[in-house]
Amino acid sequence: MRLRTLLRILAAVVTAALAALAAVGAVRELNRAGAVQDYADTLERLQQPSFALVTELQAERRMTALHWARGPVNAAQLGNQQALTDEAAFALRELADEAPDSAVRPPLEAALRGVAGLAGVRERAAERSGDRDEALEAYTRAIEQTIAVHIRVRAHNGSLAQGSRPLTALLQAGESLALQDTLLAGAKDGRFTAADHARFVQAVGVQRFAYGTLAGPLLPDGEKDRYDAVTDSKEWAEKTRIEDAVLGVSRESGSPVTLPAATAGWQETYEHLGPGLTGLATARIQALADDAEDRAGELRMTAYAIAAGGVLLVAIVLGTVLWISRTIVRRAEEVRSSALAVARRQLPQMIVRLQRGEDVDLSALPAQVAAADEFGEISNVVARLAEEVVEAARVVHEERYGFEKFAEGVTMRSVTLIFAVLRTLDELQHRYADTDPALLSELYELDHLTVRVRRQLENLLVLSGGAVTNPHTEPVHIANLIVDAAGESRGFAQVTKEFQAEAWVVPEVAGELTHLIAELIENATTYSPSGYEVFVRATHTATGVAIEVEDKGRAPENWYFEALNGRLLDVPPYAVLAKSSDQLGLFVVGQLAQRHGVRVTLQQGRFGGVLAVVLVPSALLTGAPEQLADRTPVRKPLPGRSGPRPAKRREPTAAGLVRREPARAGGPTGPVRPIDPAPGLAPARPADDGVPDPERRRPPAPAAPAGPAAEPQPQPATAAAPAAPAAPEHVRPEEPLPVRVKKPHPEPAAGPAPRPAPQSLPDPTEELPVTATPQIATEPTREAEPAPAPARPAARAGGLPQRVPGTSMAGQLRDGRRRPATAMDRRPLDSIESAFTQLQEALTDPEEDSDR
């Protein structure tokens, strides 16, 4: 996630958090204001109906007690009072239906139920039946339930709750004083029963404690003055005197109590105190309602202030966060742009130039400056890292260049030694060609192994930046190039060559192009079962010549082809090669292809195997040398000379033809003209240098239906590549490696059979088709059981041994040596002369042959 997005998220989160806090605070204050306003509204709505109901209930209770004591109250008066009570209850019921506070509704319903339960009490009171005390207790409960409505109203504010405590005390004290009045009014014959006296004493205690302790000290100043005016009045003193008189009456336990004479003035005193005490309660309720109104207004203003302050704070914080974010983004973008310019443009260009051995200018990199903040420090770190990377790349290039030169020098010396070994083997082959055919076969095998060792050393030369030894000074025909490549490969006997292109390769790339094709051929023969053909074709294309190498093994998956073709197009660095050497040949092929602009692709072949296509561009092709273009056949083969000739590997000549030395280990040999040579004989033992060369890995392919057992084959590693880039110039060794040149050998005096060659070519003057018939040459493994030897064919009329694919001519040579001398004498003279002439030409020095 980008830094700009993160900062935007941070700004959004901070802004949302502050807005949420402001909104929560404002909403909370608004809710509190609403609750306080509901409290004020409830007090105002409850004040009149609840006080009216309490007053009417108290009056009805007093008249009921007076009626029960047969006082001056008739049934009509009592009925009128009961009607007034019902009206007050009805008004309170309407309030209960509209009450907004859920805490008030239950006590209201309880009070109304208590009033409704007085119906039976009224009937008994009218008839003066039943228990008077129970009737009076029913009225008292209804009154207490109505007073509880005020007590259950919640203030939702500390100051309002504190102010509601005196109201509760005033209501309870007023009820106790009213109960005292009821008990005195219901005293029959001026006497209290023991229960009435106990209730009176209890009511006096509650009334005095509520007024003196709970109400008076807690009232505010204005209300406290009114309270003091009531309690300091003579009526209050008279009330207290009458209460003390009743409380001071002596009585025996359970006996009635005769009221003192002072109680005669109670009714007048109570009527004077009642309005004042009721006014205290009413004033307290009104004061609470007014305070609640004011408090609700304050809370609303607080909520509005919180909302406005929150909006302002959010705007300030948002602006600050945006300013900081833009500053951070701008500084980060500066550092990012500088770092990207270094990483994507400057460093890669410098490293490429260093890899080319060029000097670089470090002043182009960002300079270190005094860091004013953390971004400046990061910029300095990036600049320092860039300098370190360039310096490290310089050191790595110098070390690698030094090692490449060291490896190149060692490899060139090793190749020189290999050429010396090959010359020695060549001399041994000449020495024992006529005396020890078995040793000659072993020498051919050793010769071929040595050539393969030379090619492996040339791989190292390619990887170290050197050039493969190129003996050519004249254009090379594409057929000769392919034949040379097949002769340097393992399993050459399996190779079937088809030439459909008349093209010549410039001499500067002939050697390395031969090496490239040899790697592909060996890759195909290594991972193909013995007995299966490997086809090598050369055809014309619109942009040059296409050389196809196709085997019949088992191809890998398509994704593997794509991966390997990518490596052929863009050769990976040496670090990839250091991890695993399993694809050394692929690495070499890619290096050579990039070096000369050759495009190499791997794909699935027509036979289910791997098809390697080498597209040689027209820039690497040239016309035929004039000497060869003007050359025409000058002689026909002598009678009996239609058989194969011993192959010779030649050095480059002035005419552009390639002199060839004796073929190694039965390898194929090149013609002097573009031809399709027949495959050579398979060696007596398989040519295996013991060095793994897994250019590609492949699951083991099934063995051939017939023939010797095939070696276990690793799975190939193959895959697709676009066109290769133009070939860069490469450095060639200062001194070319020596080229094998066959030394002159004395011609034999007599006409023994010519020394065998693993592969022979027809006479170069014969006209041959461009495309040859494919043949399969089986290469048995060392561990396989030898197959039954095929029947040895009889010698031809010319006396030379016949070449049979998959067999050696040593036996025919030995049979020829054991043949009686009379056998030669019985042949026609022209046959003997033809055989002798062929033997002379086979042993003639190549230079003499070319001079003719």
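Bear in mind these aren't lab numbers, they're just calculated from the coordinates by the rules spelled out. Worth saying up front: this structure is predicted, and the values here are computed from it rather than measured. Backbone-built Cβ (ideal geometry, glycine too); neighbour counts: all protein chains shown.
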Problem - Scaled radius of gyration (Cα, divided by 2.2 N^0.38 Å) that region 3-309 gives - result: 1.29
Problem - For region 117-125, Karplus couplings with θ = phi - 60° (6.51, -1.76, 1.60), whole Hz, Gly/Pro x - result: x, 7, 4, x, 5, 4, 5, 5, 5
Completion exercise
The long-range amide H neighbours of ARG191, using H built 1.01 Å from N in the peptide plane and a cut-off of under 5 Å, are LEU259
Problem - Protection-proxy order for peptides 179-188, 519-528, each taking the mean of Cβ atoms within 10 Å per residue, highest first - result: 519-528, 179-188
Practice task
Using a 10 Å cut-off on Cβ atoms, rank the peptides 589-599, 345-355, 274-284 from the highest mean neighbour count down.
Solution key: 589-599, 274-284, 345-355
Problem - Whole-Hz ³J(HN,Hα) from phi, Karplus 6.51 cos²θ - 1.76 cosθ + 1.60, for region 554-565, glycine and proline x - result: 10, 7, x, 6, 5, 5, 6, 4, 4, 5, 6, 5
Problem - DSSP-loop GluC sites (Glu not before Pro) across region 483-513, with at most 14 other Cβ within 10 angstrom - result: GLU502
Practice task
Go through 364-375, 234-245 and give me the packing order, highest mean Cβ count within 10 Å leading.
Solution key: 234-245, 364-375
